[in-house]
Amino acid sequence: MYHFLRSSESWLSLEGQQNVLLMHCERGGWPVLAFILAGLLLYRKQYSGEQKTLEMVYKQAPRQLLHLLSPLNPQPSQLRYLQYISRRDLGSDWPPLDTPLDLDCIILRVIPLFDGGRGCRPVVHIYGQDSSSTTATKSSKLLFSTSKTKKRARHYQQEECELVKIDIHCRVQGDVVLECIHLDNDLVREEMMFRVMFHTAFLRSNVLMLNRDEVDVLWGAKDQFPKEFKAEV
């Protein structure tokens, strides 16, 4: 995204010219286009405030369109990336060096209520850059997935445990997508619990602490997460 922002800024700022930038999206791409537009407005300092800017862009289309095109509310992760853009004002070293990170585990505090309100059986999928790719733009692939066995994918009830630790031990770098999924009793059917997208270069102290407002969840599923819910990556 950095290269897009930089080249767009250069094109729009050419002295003596009144250049325009025409953007469009394929069918279903409105959430991504809205995010890119908000990022460009913040990068060019035409707007300030990540949430205010993103909401302003989304208001250019019916609210129902976002619900139709995205099963999850993407705005928490989008706001995280917009905050990355806003940090450009804090120093000249932007974006920071893209350093690798070892994800040891994810810790859930005050677990969400799935499985008919009885608790959850969480499994984790990690997607990230394919370090073995020889192309300049590294493709994304599945880097880690919890084994779907009763030994690995345990069922937890909220009244029985305040904290759930899921071991990962996965090396990541750059953009990362973490999905936490509830696995049904048959160990086959899955239900999305939440998703988190982040970039390793912007993590502070190599830790990401999230509350229920900072993870992408299904529309209408927020009440399944207690107000005290925390996810630590």
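Readers should treat all values here as calculations from the given coordinates under stated rules, not as data from a laboratory. From a predicted model like this one, the values you see are computed outputs, not experimental measurements. Don't worry about glycine lacking a Cβ; one is built from the backbone with ideal geometry, like all the others, and counts go over all protein chains shown.
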So what is the relative contact order for segment 101-232, in percent, with contacts set as C-alpha pairs under 8 Å and at least six apart? 32
Cut-off under 5 Å, modelled amide H: who pairs with PHE114 long-range: GLY119, CYS120
Which pairs break 29 Å Cα to Cα here: LYS52/LYS165; LYS151/LYS230; LYS52/LYS141? LYS52/LYS165; LYS52/LYS141
What lysines does LYS59 reach when the alpha-carbon gap must be under 24 Å and sequence neighbours fewer than 8 apart in one chain are set aside? LYS45, LYS222
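Evaluate the charge dipole of the chain about its Cα centre and quote only its size in Debye, nearest 20, assuming +1 on the Cβ of each Lys and Arg and -1 on the Cβ of each Asp and Glu. If you can, show how the numbers build up before the last one.
Working: 29 positive and 28 negative charges, 26 e Å.
Roughly 120 debye, rounded to the nearest 20.
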In bins 5 Å wide, starting from 0, what share of all Cα pairs of segment 101-232 does each bin hold, as a percent? 2, 10, 20, 23, 19, 14, 7, 3, 1, 0
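Given N residues in the chain, what is Rg(Cα) / (2.2 N^0.38 Å)? Mind showing how you got there, number by number?
Numbers: Rg = 19.3 Å, N = 233, 2.2 N^0.38 = 17.5 Å.
Its radius of gyration relative to the 2.2 N^0.38 Å reference: 1.11.
Just to check, using Stokes-Einstein with a Kirkwood Rh over alpha carbon pairs, what's the diffusion coefficient of segment 2-90 at 4 °C and 1.567 mPa s in µm²/s?
Details: Rh = 13.9 Å.
Once the numbers are plugged in, D ends up at 93 µm²/s.
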Can you tell which of LEU101, LEU40, LEU12 shows the greatest fluctuation in a Gaussian network model of the chain with Cα springs below 10 Å? LEU12
Given H placed on each backbone N at 1.01 Å, which residues far from ARG171 in sequence or on other chains put an amide H within less than 5 Å of it? LEU103
Quote the relative contact order of the chain in percent (integer), defining contacts as alpha-carbon pairs under 8 Å separated by 6+ residues. 21
Asserting the computed 222 nm helical MRE of the chain (DSSP H runs at least 4 long, -39500 (n - 2.57) per run, divided by residue count, to nearest 500) equals -7000 deg cm²/dmol
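What relative contact order, as a whole-number percentage, does segment 2-90 give when Cα pairs under 8 Å and 6 or more residues apart are counted?
Details: 54 pairs, mean separation 24.8, N = 89.
Reported as a whole number, the value is 28 percent.
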